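> Take a look at this one; I'll ask things after.
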Amino acid sequence: MRVLKTNEGEIFVVYLFDQLKEFTEDMFSQGLARLPAERQQKTLTYRQKLDQKLSVLGYVLLSYGLKNEYGISEKIQFSYTAKGKPLLTDYPQIHFNLSHCKNGVICAIHTCDVGVDIEAISSYDAQLAEYVCNEHELKQINKSDNKALAFTKIWTKKESLMKQNGLGLRDDLKTIDTIDSEAVTLVDPDEAYVFSIAGMSLAELGLRTERFRA
């Protein structure tokens, strides 16, 4: 697990776990047992075991972060906004966001609204890019030598910005402009995944991000 940054005073921290083979069946069972009943039920509705593990891992990272940063060790209770964004029922002043893909899980904890998204890099789909990207974003993709990577960076930025604002997926994704946004995007050294964080600056994340590139 990698901790990208913890800042004294104002807490903003990102936990990233990408060694999925190390998350054993025993760890999964223990993590599942710590979830509220409704989250356990939702997790077990996933057909694939990997999806179940990824779901549990997100809340394992959140539990670890809450204990490490705030000393909170009791079972987490969740409330939800009208659009489904989860909140900490007993600690509304603590903001968090989770995301996972087949190659990793990420959790951000902040004193302000925060959004994260992590995605595996797959083959470039020009039709999908036309659907979700505006003119400026498409120009950026088309001038790139790695269109799949360029698109994934834009997509994760859009997702993180939407999640920061509690919007969820919207019909017109083109209106969420990533070109001049302050969302931070970082790339795994092996290009297995990309993740974006909305609500923290690259300076705030600091030198602990040296293994990743923007």
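The values are calculated or read from the model by the stated rules, or taken from the named source; none is laboratory data. Bear in mind the structure is a predicted one, so any value in this text is a computation, not a measurement. In this analysis, Cβ positions are derived from the backbone assuming ideal geometry, glycine residues included, and neighbour counts consider all displayed protein chains. Ligands, DNA and RNA are excluded from the accessible area calculation, which covers all protein heavy atoms including side chains. Shrake-Rupley method; radii C 1.70, N 1.55, O 1.52, S 1.80 Å.
> Looking at (1) without any contact (Cβ under 8 Å) to a residue 24 or more places away in the chain; (2) in a strand (DSSP E or B); (3) touching a helix residue (DSSP H, G or I) at 6+ places or on another chain (Cβ under 9 Å), which is the one condition that is false for L87?
Going through the list (1) without any contact (Cβ under 8 Å) to a residue 24 or more places away in the chain; (2) in a strand (DSSP E or B); (3) touching a helix residue (DSSP H, G or I) at 6+ places or on another chain (Cβ under 9 Å), L87 breaks only (3).
> Give me the residue from region 77-98 that is surrounded by 14 or more Cβ atoms within 10 Å (Cβ to Cβ) and of a type in the set (A, V, I, L, M, F, W, C) and, out of that set, nearest to L186 (Cα to Cα). Before you say what the answer is, go through the steps one by one.
Our first condition is that a residue be surrounded by 14 or more Cβ atoms within 10 Å (Cβ to Cβ); within region 77-98, this holds for 78, 85-88, 91, 94-98.
Pick out the ones that are also of a type in the set (A, V, I, L, M, F, W, C) and you get 78, 87-88, 94, 96, 98.
Values: F78: 29, L87: 26, L88: 27, I94: 24, F96: 19, L98: 16 Å.
Among them, the one singled out is L98.
> May I ask you to list the residues in region 13-39 that are in contact with a strand residue (DSSP E or B) (Cβ under 6 Å, 6 or more places away or on another chain) and assigned to a loop (DSSP other than H, G, I, E, B)? Step through it out loud before you land on a result.
Initial filter on region 13-39 (in contact with a strand residue (DSSP E or B) (Cβ under 6 Å, 6 or more places away or on another chain)): 13-18.
The answer is D18, and nothing else.
> Limited to region 85-98, what total is found for residues that are modelled with pLDDT under 90 and either more than 16 Å from the chain's Cα centre (by Cα) or under 18 Å from D51 (Cβ atoms) (or both)?
First pass over region 85-98, keeping only residues modelled with pLDDT under 90: 85-86.
From what's left, either more than 16 Å from the chain's Cα centre (by Cα) or under 18 Å from D51 (Cβ atoms) (or both): 86.
Count: 1.
> Continuing with the same structure: Test of understanding: among E182, E137, E191, which residue is modelled with pLDDT of 95 or more and among the acidic types (D, E)? Give the derivation first.
On the way: E182 fails: modelled with pLDDT of 95 or more; E191 fails: modelled with pLDDT of 95 or more.
Matching residue, one of E182, E137, E191: E137.
> Evaluate region 180-195: report whether one residue or more is touching a strand residue (DSSP E or B) at 6+ places or on another chain (Cβ under 6 Å), free of Cβ contacts under 8 Å to residues at least 60 places away in the same chain and among the charged types (D, E, K, R).
no
> Residues that are part of a helix (DSSP H, G or I), in contact with a Phe, Trp or Tyr (Cβ under 6 Å, 6 or more places away or on another chain), open to solvent by less than 10 Å² (accessible area, probe 1.4 Å) and not hydroxyl-bearing (S, T, Y): does region 64-76 have at least one?
Going residue by residue through region 64-76, those that are part of a helix (DSSP H, G or I) are 64-70.
Applying the additional criterion that residues be in contact with a Phe, Trp or Tyr (Cβ under 6 Å, 6 or more places away or on another chain) yields 65.
Filter again for open to solvent by less than 10 Å² (accessible area, probe 1.4 Å), leaving 65.
Of the ones still in play, those that are also not hydroxyl-bearing (S, T, Y) are 65.
Yes, some residue in region 64-76 is part of a helix (DSSP H, G or I), in contact with a Phe, Trp or Tyr (Cβ under 6 Å, 6 or more places away or on another chain), open to solvent by less than 10 Å² (accessible area, probe 1.4 Å) and not hydroxyl-bearing (S, T, Y).
> Here's another thing I want to ask about it. For region 1-19, enumerate the residues that are modelled with pLDDT of 90 or more and either among the charged types (D, E, K, R) or open to solvent by 40 Å² or more (accessible area, probe 1.4 Å) (or both).
Passing the criteria: D18, Q19.
> Okay, next question. Scan region 64-83 and report the pairs whose first residue is within 14 Å of P36 (Cβ to Cβ) and whose second residue is part of a loop (DSSP other than H, G, I, E, B) and of a type in the set (S, T, N, Q), with Cβ atoms within less than 7 Å and a gap of 6+ or a chain change.
Q77/T89; F78/T89; S79/T89
> Of all residues in region 20-45, count the ones that are closer than 22 Å to Y80 by Cα and either out of contact with any helix residue (DSSP H, G or I) (no Cβ under 7 Å at 6 or more places or on another chain) or surrounded by 14 or more Cβ atoms within 10 Å (Cβ to Cβ) (or both). Write out each step before concluding.
Kept after step one, since they are closer than 22 Å to Y80 by Cα, are these residues of region 20-45: 31-45.
Okay, now just the ones that are also either out of contact with any helix residue (DSSP H, G or I) (no Cβ under 7 Å at 6 or more places or on another chain) or surrounded by 14 or more Cβ atoms within 10 Å (Cβ to Cβ) (or both), so 31-43, 45.
Of the residues in region 20-45, 14 are closer than 22 Å to Y80 by Cα and either out of contact with any helix residue (DSSP H, G or I) (no Cβ under 7 Å at 6 or more places or on another chain) or surrounded by 14 or more Cβ atoms within 10 Å (Cβ to Cβ) (or both).
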